Structures are given as structure tokens and as C-alpha cells.
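Okay, so here's the structure we're looking at.
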Amino acid sequence: MRKRVLILGAAGRDFHNFNMVFRARPEYEVVGFTATQIPGIAGRVYPPELAGELYPKGIPIYSEEQLEEIIRDKGVDLVVFAYSDITHEHVMHTASRALSAGASFMLLGPRETTLKSSKPVVAICAVRTGSGKSQTTRHVASVLESHGKRVVVIRHPMPYGELKEQICQRFASLEDLVRHNCTIEEREEYEPHINAGRVVYAGVDYEMILREAEKEADVILWDGGNNDFPFYQPDLLVVVADPLRPGHEILYHPGETVLRMADVVLINKVDSAPLEGINAVANSAKSVNPKAEIILAASPVFVEDPSAVRGKRVLVIEDGPTLTHGEMGYGAGWVAATRFGAAEIISPVPYAVGSISEAYRKYPQVKDVLPALGYSPHQLKELEATINASPAELVLSATPIDLGRLINANKPIMRVRYELQIIGRPNLEDALRTKGLID
């Protein structure tokens, strides 16, 4: 009898775990995936082209809300938990739901799910979404390139479109973003690297992706998602921690895992966090991982024309996952608005429409800023309508992309940018040199 398996996920770690552990093993029958966190995933099918010969019809994707019903109706023996940036308490509540319905519960670890590369791998991960992985990845890429290394970035999966067309994606130009129908979240991660002249890979089959990336890289740079651990065995693991959320580094899954695995713990945002928060995170890191090097960094914000912000009524747009999965109430855009003297930050809540309005109900900590949600063309239109309905004089957009190219706003949009600034020594160049990744 094949053991019947249900994999809980959010179109990322779940598919990777299936590909690595279950796809070719006839002793298991994966009867379905469940989906949460990301809209529009449930109701689809993991296609036969990815599922393999044991699954000629593919594998259905259900809503996690149906967990107990699926376990009963499908005779599920084993529930595998495979998504990230949720509390330890949430993991165990989910385990309790599975156990009470009669199934066993499993977390798969790095040994079974991590691939080995023929090229050196530097992995950038974080204890929470919104800690500063993106600017850290860009900084590390620049350091490697300054030492003559060809860097290829591989991004943690965000396959929210047609899965069989996203098996292995290569992004080398802005036209590639259009060709692959990328969402705002995908563009936020890919566009800055493309603008810097780097190639980015992503998709669903991460062994195929790795082998393609190895053909054109001296160093593979793993750009992690949420607070997940890497899909590839790293030669250097840098984990970003957030002193604006002290304590979260040991309260969220699998953020605590990556904190304990880290070679380097980079405490970001020291320019905006209170000293007690910085010290709390540093002490926490030393407690659970005393061998890790601790590096301090800031992420200063800047705009092209600070004088254009002063005295204006502004609408602030922030990176979506930072506010939703990351549970932050604000981000770099709000910091810029207050720092550069905006007269008023207009709350978008009264003007939100459709799924944008629903997001405020689902994430009540978000009140004063607008998450850059655009998982579909329809949601992008709702984002546009919300912006245009606001009485703001200026939009401050802290998403890393040029949002003005995707929507027709009836008011000017000014981009808020932020880059990593290492404070003192040791720094990330020292860490790369210690591991023999640069001379």
C-alpha cells in the first residue's frame, strides 16, 4: 500500500519538497497540495509535466481551509508542512488539526531537500520577511563582481502563473519580465538585478534551474524567500535579522532554523531601530548560534528630490510581503515620508477596492500604507484604482520596481530607494574572503 501524502504549502517550498522527496518514489502517493498566503493558487493543478510519470493527471491543489476534510476524504496518512514565515504556534496548531483528523505530521529538513552545486554558493536568507534580504543580496553580488566573479542569482520560487511554463525561467532583460507575465512581487526581486546587468533564474524545478545557472556562473547567489532555508547547500550562509521585530528571530518557522544554521548574522536597520532592539537580537543570535559572525548594517532611504516631499499630502506604497507575511505596519516608504517632511500620510484604507480592501481586513496591522499587491492583472487594476481614488498629492513608492510602468496613476509617483550600508568591521567582504570565495 502506498502511503498517502498531503503537502501544505504556498507555491514554493511545497513543490520543491515534492520534487526532491516524493516525485519518483512509488511507496508514496501525493494526493494533493494545499495553498495559503498567496491568492489564486488553490483550484489549480500541479501539472503532469512537473509531477512525473507516477502522476499522469497531475496533482490537485486545494485550499488549506479544507485540511480536515481532505484528510478524511482522501485517506491521508501523512501531512507534510512546507511553507514559511509563520509562528511556531501556527505550525503546531496546524499539526494538531492534522493529528486530530488521524494523519501523521512531518517537517522535511535540509539533508533531504538541499541540492549540491558544482559552483560555490552564497545564500542570503532572513529570520522574517522584510528584514532586508533583497538589498543584502544586491550588496553581496556587487562585492563578488568587484572581485571579477560572474554572479548568477537564483531566486526562491514565486510561480504564481501557469506552472508548466515556469519550470525553469531565465531573466536577463526587462522584456523577459513581460514575456513571463511576472507579478509585482516577482518584478520586485528580479528587476534590480537585471538593471545591474545580472542574470536571474527562478521557476519550479530547482535542480534543472541550478544546472542551467551553473553553465554561466562563477558563483551562485541564492536569494531566499520569506524566512525559508536554502534549496542549495551554501558555502556561506548569511541570515538577515530585524531589530525592529526583536524576538521574532526565535519565534517564527523556519526563521529560527536559519538563524541556527547561519555563518553570518547580519543585523540590519541599525539606523532606524532602537538600541534595545539591536542588543536583543544580537544576544538572541549569540545564544542560539555562538559560532556565527555578527555584522551590523543600515538600510538608509533616499529619494531623488526630498524637497518635493516636504509639505505634501502623500500616499505611501510599501513592498507587499513585508506588510502581509512579514506582519509589519510600515516600511521604507513610511520612513521616507516622515524623514523628508511630508505634511500628512494619507491612509489608503477608505479608498481601497476589491482584494486590496480585503487585504486590510486580513492584515489589520496595516493601516497607514498601501501594500503593492499585484498577483494578477485584475489585482493590479484594483491597486491602480485605490491609488487614483486617494486625495494624496504625491505617491511615495518603496517597492523596488518602477510602478509607474505598470499602472496609470493620476498623480506623480516618486520612488523610495534603499541600499545596504555595512557598519564597521567585520563586513561581508571579510566573510566572503574567510570562506575562500574571493581573494
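In the context of the full set of protein chains, residues of the stretch 87-145 present 40 Å² of accessible surface per residue (probe radius 1.4 Å, heavy atoms only). For the stretch 55-103, a simple Cβ point-charge model (Lys and Arg +1, Asp and Glu -1, everything else neutral) yields a dipole of about 220 debye relative to the Cα centre.
Karplus-based coupling profile of the stretch 75-87, in residue order and whole Hz: x, 5, 8, 9, 9, 10, 8, 8, 9, 9, 6, 9, 5, with θ = phi - 60° in 6.51 cos²θ - 1.76 cosθ + 1.60 and x standing for Gly or Pro. Under 5 Å from the amide H of Y62 lie the amide H atoms of F33, T34, A35, G43, each residue being 5 or more positions distant or on a separate chain, with H modelled from the backbone and absent for Pro and chain starts. The trypsin sites (Lys or Arg not before Pro) of the stretch 265-319 that DSSP puts in a loop, and whose beta carbon has at most 16 other beta carbons within 10 Å, are K291, R310. Between A172 and D439, the contour length at 0.36 nm per residue exceeds the Cα-Cα span by 93.4 nm. Between T386, T338, T324, the GNM of the chain built on Cα springs shorter than 10 angstrom shows T338 fluctuating the most.
Along the stretch 303-319 the Karplus relation, 6.51 cos²θ - 1.76 cosθ + 1.60 evaluated at θ = phi - 60°, assigns HN-Hα couplings of 10, 5, 9, x, 5, 6, 8, 4, x, 8, 8, 10, 9, 9, 10, 10, 3 Hz to successive residues, with x for each Gly and Pro. One chain, two ends: H147 and L54. Fully extended at 0.36 nm per residue, the span grows by 28.9 nm beyond their Cα-Cα distance. Rounded to the nearest Hz, the phi-derived 3J(HN,Hα) couplings of the stretch 110-120 under the Karplus curve 6.51 cos²θ - 1.76 cosθ + 1.60 (θ = phi - 60°) are x, 4, 8, 10, 9, 8, 9, 9, 7, 10, x, where x marks glycine and proline. Length gained on full extension, M208 to M92, computed as 0.36 nm times the residue gap minus the Cα-Cα distance: 38.4 nm. Computing Rg and the Kirkwood Rh from the Cα coordinates of the chain gives a ratio, Rg/Rh, of 0.96. Restricting the GluC sites (Glu not before Pro) of the stretch 177-243 to loop positions (DSSP other than H, G, I, E, B) with no more than 15 neighbouring Cβ atoms within 10 Å leaves E216. In the stretch 284-346, what percent of the accessible surface is made up of carbon and sulfur (1.4 Å probe, ligands and nucleic acids excluded)? Its accessible area is 52 percent carbon and sulfur atoms.
Tell me the net charge near L67. Cut-off is 15 Å between Cβ atoms, L67 excluded, with +1 for each Lys or Arg and -1 for each Asp or Glu.
Neighbourhood net charge equals -3.
Extending 7 Å from the Cα toward the beta-carbon at both D271 and M1 defines two label points whose distance is 6.1 nm. Which pairs break 23 Å Cα to Cα here: K119/K435; K133/K269; K312/K381; K3/K116; K57/K116; K116/K215? Over 23 Å Cα-Cα: K312/K381; K3/K116; K57/K116. Taken as Cα centroids, the stretch 375-406 and the stretch 112-148 sit 29 Å apart, rounded to the nearest whole angstrom. Across the accessible surface of the stretch 86-164, with the other protein chains kept in place and a 1.4 Å probe, carbon and sulfur atoms take up 52 percent. Ordered by solvent-accessible area of protein heavy atoms (1.4 Å probe), largest first, the residues L50, L244 come out as L244, L50. Counting only protein heavy atoms and a 1.4 Å probe, the stretch 210-274 has 26 square angstrom of accessible area per residue. Rounded to the nearest 20, the size of the Cβ-charge dipole of the stretch 332-439 about its Cα centre is 120 debye, with Lys and Arg at +1 and Asp and Glu at -1.
Taking all protein chains as shown and a probe of 1.4 angstrom, S146 keeps an accessible surface of around 90 Å².
The values are calculated or read from the model by the stated rules, or taken from the named source; none is laboratory data. Here the structure is a predicted model, which is why all the values come from computation and not from measurement. Note: ideal-geometry Cβ built from the backbone for every residue, glycine included; neighbour counts use all protein chains shown. Calculation scope for accessible area: heavy atoms of the full protein, side chains included, ligands and nucleic acids excluded. Shrake-Rupley method; radii C 1.70, N 1.55, O 1.52, S 1.80 Å.
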